[in-house]
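Chemist: Below you'll find the structure I mean.
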Amino acid sequence: MAGKHTAFSSGQEPIPVTIAKIPAKFISYSHTIFAYSAFLIALFAGCYTHYYKIVQNEYFGYPDEWFPSVSATTGDRYPARAIFQIFIALTSGPRFALVFLWYYYTTRSSGSSSPAFGKFLLVVGLVRTISCGGWTYITSTDDHLAHDIAMIVYLICTLPWQLGSLYTTPKRNPAALKWRRFFTIAFFASLPPMIYFFLQHKIHRVAGAYTTYAFFEWSLILYDVAFDAVTALDFQTFEFSIIDLSGSSTSPVSFSKEGSATIPGHVEDTISPIALRSLTLARGFLTETYLAYVFWSMLTSLALLIWYFPLWHMGISGFEAFLFITLSPIILGIGPVRRLFARYRGFFHLLSLIGVASYLKADPVWRLSLTAIGLGISLTTWCATWWESRDHTGTLDRSIIIWGLGLLVHNVMKMAWWSENPIWPIMHKANGGINEIGIALGVIASLEVFARDISNPINLASSGSNSSAKPPTGSSWLLGSAGFGSILFTLHSMFSDSSAIMRWSVDGYPDYGPEPVPWGVATIGALALGLLLSPHRRLVTSLPWFVLGCAGCAIFYCYSGWTAYYGGLILGMVTASLMPVLVRSVTAHGAFKTLLTSFMVYNILCLAHVWVVAYAFVPGGVYARERTNWVLGSVMVLIGCGVYNARKSEENGQTDSATGSPKSKKVIQLHIVKDTRILSRLTIVGILVSSILVALNRNLSAVTPAPFTSSARSFTAAIWTIHFALDDDMWASEVRIRDALRDLELDVVGLLESDTQRIIMGNRDWAQYIAEDLGYYVDYGPSTMKHTWGCLMLSKFPIIKSSHHLLPSPVGELACAIHATLDVYGQPVDFIVSHNGQEEDPVDRELQTTELARIMRTSPNPFVFLGYVVTKPHAYLYNILFGDGDMNDIDTSDDWDRWCQYMGYRGLRRVAYARISHGKITDTEIQSGKFQVVDNPQEYWMASYEQVPESSIAPELRFPQMFRGAGVRGHRYHVFNEPRYYIH
């Protein structure tokens, strides 16, 4: 046919034409998606439809077993089984393709293995895939033997498949090699504990062992699929082509002699630069986040270490001056110094780890000094990084967001350690610290930052010319500094522990408010949400948003319990969202004046935050007495100044609408902005998942409260002043407190000087640890905003109701009390835990004691008093307490040297009384008494002090023998050198 030309004209062979190209990495993607979907959707469907049935095994069911195994989830019930099998069928195609692709990749393309070994691995992969179909479609319910054989074949083939794939991975692809090693180690490391817990279930029939086994079984699935997902890194250079051999398609693509498509500019032996860049970005993001966590750890520990000294001096000690180490960044006003810190920030972060390593010095003065030095270096380094990157929008935003993420990590770590930070200088191996690991990770992170900055210095900082850059029109350095200093104080004082806002607003039972677990997750979530919203600067600097924060603050202050907590969550979200824009605003001005003002504002607020409760020990404290409302009001006003400053800059048109950065001076690094947002979101997801796992683990491991000895309807009560859970040598003491409470078998204990939810006490809630480990109900006592030093009650018995009292204190420190009614073997028994004022204020102590007597006198129930009275036996206040209170002293015959702590009772049979030395945990002994609940309380309204020998007392009613003589861990019976026992 004239005028027509085809691929067959002139007797030529047809030219193959490529119709479409499909990247081979999509095989890996589809395999991963279908495989994970098969298991995870089946898990969700199974739990939703047949939860109690699929967690049931041959020996136990819910609640002993609460998580299903893989086989129970995927093989026993409809619709989970059907969903699983459908998705596994969809996985089979990509799975076979992946096996063949690996054969061609390692034998034909990369040449990393011999054809013989490649064929062996191909056969192993095919058998492994087919055996997967065996245990998938033949369930254990259908044929247990066939199912197990298929599963065993699969596991046997997994070993040579993973090791063979690892062996044949090309050395030019280090990323794939690294991940395959990780998943291989993780897979086989999970097998021994999985087998161990299966044997615990099958042979020893341990309740809950099958649930633990199930977790390891599911982890094998995750590691197995992830191992094969790594092929996406290898197959970056592979693609499938659909070729029309007839040559009839248009737009032909030329082929090489061997028939493969020639891709212009493509180099087969090059690893995807995108993959390597992503891994580098993620690694750098994580290392800097860890260093931010280290910074928050040192900042929150500084005031805690300072507090130790005035605590023992009972007044100003001089060590308070270390608070002003936060002014160290003012040296950044010197340009060369600022550029030195920014250029070698990895090195200075490494130096700052001296603050973490300070735990190695037993001397408290050394620990405080080294921690202060480390904090000063770390804070200066972060500020230098901000100032030197202020002309590079993406770099600056990245650093600020990472700094905020460090606070979230700090919260999660504290939740995992029951509100202690495991790398604080008050922690060491004996009390749960992991300081060595913290230092090692810090060294690795610092070296990574140092190496990255040396190899790529352009990402570090702007040129030195930024020191003379003019700030945006309408921007005020004073307002910006006030806002930054206030936001730092707010985050430190209220949001450096996930339970802080709960304890600031706790109320009496039954309207107690949220518990730290699981509701600490919500606190972390609110902060995370604020960070996610922070890039939306027009929103977070708007008037309605700031008004929302003020409303949250007002609700938090004016209410208690759950309502206050909701207000605290709003305040946390708004505060976290404002932090980046307020930090950014101060970097537009000179470093010296802004940093000096910012940290002076922060320090003044810290002092005011302390003086509202410590007014009796500081000059001019009377003017700050109980003025938390002034502190919160000042904070919101100053934050408002910072927000107004940032907003004014935007309204004057100085910022780019997309990034919020000044157009005329900023280098808009959109790629860094985009990477930061992606990585920050992924990090936040990881943080939230971690917090949820921590909460679940703590819930599962918590001991259910039950009295130590219930056969005789008896209980042991005690009073102890524990000096804010810092021992004589400045170590966190809750582990030692727990041991003493456990060995003394205390069922109800009042702990005084217990409120540690302030900056100077590290925002700790150490009672969580004791309560969960030993099984206690907790009444935290008057909230932190009630301005007391705290009294706390731990009870093995359910708390029916409680009220928190602020006892009359017109002159001296405010005294606190808990009046609680407990269900003691079905009998309502009232308890008071109280802490009266100091010796210097006799009028206060008289009014406080009179009020305590009134509360006790008017109660119709049996009563136990556990309190700190500050008086001698049989003195005026003593007679008010026990005489007007209609109470019996636990012992009066010759126990003449008491001064602070007293125990009283009525309507109960008193069995015994003992005084136990403090063991250097504090400066105050433990006083303890044993009681029995009786059917006729009126007969025991009056007390007899006739003593009887211990041999006449039933063994279950005796005090432990281990505290006799030298005792244990420094605790021993003293004063009497033994317990005293009574007729009734």
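Chemist: Express in % the proportion of alpha carbon pairs of region 880-984 at distances exceeding 17 Å.
Modeler: Of all Cα-Cα distances in region 880-984, 55 percent exceed 17 Å.
Chemist: So, one more: In whole Å, what are the Cα extents of the chain along the three principal axes, biggest one first?
Modeler: 127, 78, 47
Chemist: log₁₀ I(q)/I(0) of region 370-445 at q = 0.13, 0.16, 0.19, 0.20 Å⁻¹, via Debye over equal Cα point scatterers, no solvent, to two decimals?
Modeler: Computed log10 I(q)/I(0) values: -0.51, -0.73, -0.95, -1.01.
Chemist: While we're looking at this one, here's another question. With a/c under 1.5 counting as rounded, go ahead and sort region 714-982 into rounded, prolate or oblate using the C-alpha gyration tensor (a ≥ b ≥ c being the square roots of the eigenvalues; past the cut-off, prolate if a/b is larger than b/c, else oblate).
Modeler: The shape class here is rounded.
Chemist: If you don't mind, there's one more thing I want to ask. Any idea what the relative contact order of the chain is, in percent, if you count C-alpha pairs under 8 Å spaced at least 6 apart?
Modeler: Value for the chain: 9 percent.
Chemist: Grab every C-alpha pair in region 487-600, bin the distances at 5 angstrom width from 0 up to the longest one, and report whole percents.
Modeler: Cα pair-distance distribution for region 487-600, in percent: 2, 12, 20, 22, 17, 13, 8, 4, 2, 1, 0.
Chemist: What's the angle, to the nearest 10 degrees (0 to 90), between helix 144-168's Cα axis and the longest principal axis of the chain?
Modeler: Tilt relative to the chain: about 70 degrees.
Chemist: Further, regarding this structure: If you take every DSSP beta bridge fully contained in the chain, what fraction is antiparallel? Give it as a percent rounded to 5.
Modeler: Counting DSSP beta bridges with both partners in the chain, the antiparallel share is about 85 percent.
Chemist: Rank the residues Met942, Met856 as a footprinting-exposure proxy: fewest other Cβ atoms within 10 Å of their Cβ go first.
Modeler: The order, fewest Cβ neighbours first, is Met942, Met856.
Chemist: For region 470-668, count the residues as N, evaluate 2.2 N^0.38 Å, and divide the Cα radius of gyration by that value, please.
Modeler: Dividing the Cα radius of gyration by 2.2 N^0.38 Å gives 1.07.
Chemist: Give the angle, between 0 and 90 degrees and rounded to the nearest 10, that separates the Cα long axis of helix 591-614 from the longest principal axis of the Cα atoms of the chain.
Modeler: 40
Chemist: Moving on to the next point. Determine, at each q value in 0.15, 0.18 (inverse angstroms), the log₁₀ of I(q)/I(0) that the Debye formula gives when each Cα of region 17-255 is one equal point scatterer.
Modeler: Debye curve over Cα of region 17-255, log10 I(q)/I(0) at q = 0.15, 0.18 Å⁻¹: -1.05, -1.36.
Chemist: Where nothing but the Cβ of Lys and Arg (+1) and of Asp and Glu (-1) is charged, how large is the charge dipole of the chain around its Cα centre, in debye to the nearest 20?
Modeler: In debye, rounded to 20, the chain gives about 3720.
Chemist: Mind checking the log10 I(q)/I(0) for region 744-861 at q = 0.12 Å⁻¹? Debye, one equal scatterer per Cα, no solvent, two decimals.
Modeler: Result of the Debye calculation: -0.45.
Chemist: Return a whole-number percent for the relative contact order of region 470-668, with Cα pairs under 8 Å and 6 or more residues apart as the contact set.
Modeler: Worked out over region 470-668, it gives 34 percent.
Chemist: Nearest 10 degrees is fine. How inclined is helix 209-229 to the longest principal axis of the chain, computing both from alpha carbons?
Modeler: Orientation of helix 209-229: about 30 degrees from the principal axis.
Chemist: Let me ask something else. Which value, in debye to the nearest 20, gives the size of the charge dipole of region 714-982 about its Cα centre, when Lys and Arg are +1 and Asp and Glu are -1 at the Cβ?
Modeler: Roughly 360 debye, rounded to the nearest 20.
Chemist: Report, in listed order, any pair from Lys361/Lys920; Lys361/Lys429; Lys25/Lys119; Lys361/Lys786; Lys796/Lys930; Lys119/Lys171 with a Cα-Cα distance greater than 24 Å.
Modeler: With Cα atoms farther than 24 Å apart: Lys361/Lys786.
Each reported figure results from applying straightforward, stated rules to the coordinates on display, with no laboratory input. Just so it is clear, the model here is predicted, and its values are computed rather than measured. Don't worry about glycine lacking a Cβ; one is built from the backbone with ideal geometry, like all the others, and counts go over all protein chains shown.
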